1. Could you give the dipole magnitude of region 25-106 about its Cα centre, charging the beta-carbon of Lys and Arg +1 and that of Asp and Glu -1, in debye to the nearest 20?
2. Taking amide H positions as placed in the peptide plane 1.01 Å from N, state which residues far from residue 118 in sequence (5 or more) or on other chains have amide H under 5 Å from it.
3. Cα-Cα pairs above 18 Å in region 1-133: how many percent?
4. Work out, step by step, the length gained on full extension between residue 31 and residue 174: first 0.36 nm times the residue separation, then minus their alpha carbon distance; give nm to one decimal.
5. So what is the 222 nm mean residue ellipticity for the chain from helices alone, if each DSSP H run of at least 4 adds -39500 (n - 2.57) and you divide by all residues, rounding to the nearest 500 deg cm²/dmol?
6. Multiply the residue separation of residue 75 and residue 147 by 0.36 nm, subtract the distance between their alpha-carbon atoms, and state the gained length in nm to one decimal.
7. So for the chain, taking the charge dipole from beta-carbon charges (+1 Lys/Arg, -1 Asp/Glu), which of 8, 107, 32 sits furthest toward the positive end?
8. Quote the charge dipole size of the chain about the Cα centre in Debye, to the nearest 20; the model charges only the Cβ of Lys and Arg (+1) and of Asp and Glu (-1).
Amino acid sequence: GIISAPLLLIIALTGAMNAFPWMKTTVHRALGGTAHELPAGLRLAENRPQSQPGPGQVNWAGAISAAVVAVPTAQVIAAMPPRDPDGTWRVVLGYPGDISPKDGVVVSIDRRSAAVREIADPRTMSAGGWMLNQYWGLHIGSFAGLTTRVLWVVVGVLPPLLMFTGIWIWLLRRRAARRPDKVG
């Protein structure tokens, strides 16, 4: 139980970060993160990357191509189209050594010109920015392959196992305390 406590704390903290946006920003600030490192969804509207006004519309292939050119050593994980009229495409790229299967370098692409508006690369961020970008990989134990995934399963099973064995030992002691001592 004592050995698993630090790992359970990591799993609990990163799970809370996934559930509560205020927890993400609190951990981010506590670890020295800057406002520029926050994901677009957690920033104020005026601090988000914006597409320039004008004609034209970039399609999926154009947005992905622009992101891959901007970060050539990475592989595409996801692409999200613009959500509002002034929004940008967001293309997420995984890089060698990335610990999170769904997060990585986020490239914001102008929806009209395919110009790169911003690159959010965890490899160049503060500890707070890195944690905010990679917490999911820590939560599911994907940072060292199969070894940590198996370890995370074992650590996840320990609390109910410890509860069961604790109740069992308590019941055995309680039964032993009720037995009259045999006098010989």
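The values are calculated or read from the model by the stated rules, or taken from the named source; none is laboratory data. Since the model is a prediction, treat every value here as computed from it, not as a measurement. Neighbour counts run over all protein chains shown; Cβ positions are idealised from the backbone, glycine included. In case anyone asks, the SASA skips ligands and DNA or RNA and just uses the protein heavy atoms, side chains included. Shrake-Rupley method; radii C 1.70, N 1.55, O 1.52, S 1.80 Å.
1. Details: 6 positive and 6 negative charges, 18 e Å.
Result for region 25-106 is approximately 80 debye, rounded to the nearest 20.
2. 108
3. 58 percent
4. Numbers: separation 143, 0.36 × 143 = 51.48 nm, distance 4.76 nm.
Extra length from residue 31 to residue 174 when fully extended: 46.7 nm.
5. Dividing the helical sum by the residues of the chain leaves -15000 deg cm²/dmol.
6. Full extension of this stretch gives 23.6 nm more.
7. Farthest towards the positive end: 8.
8. Details: 18 positive and 10 negative charges, 238 e Å.
Dipole about the Cα centre, nearest 20: 1140 debye.
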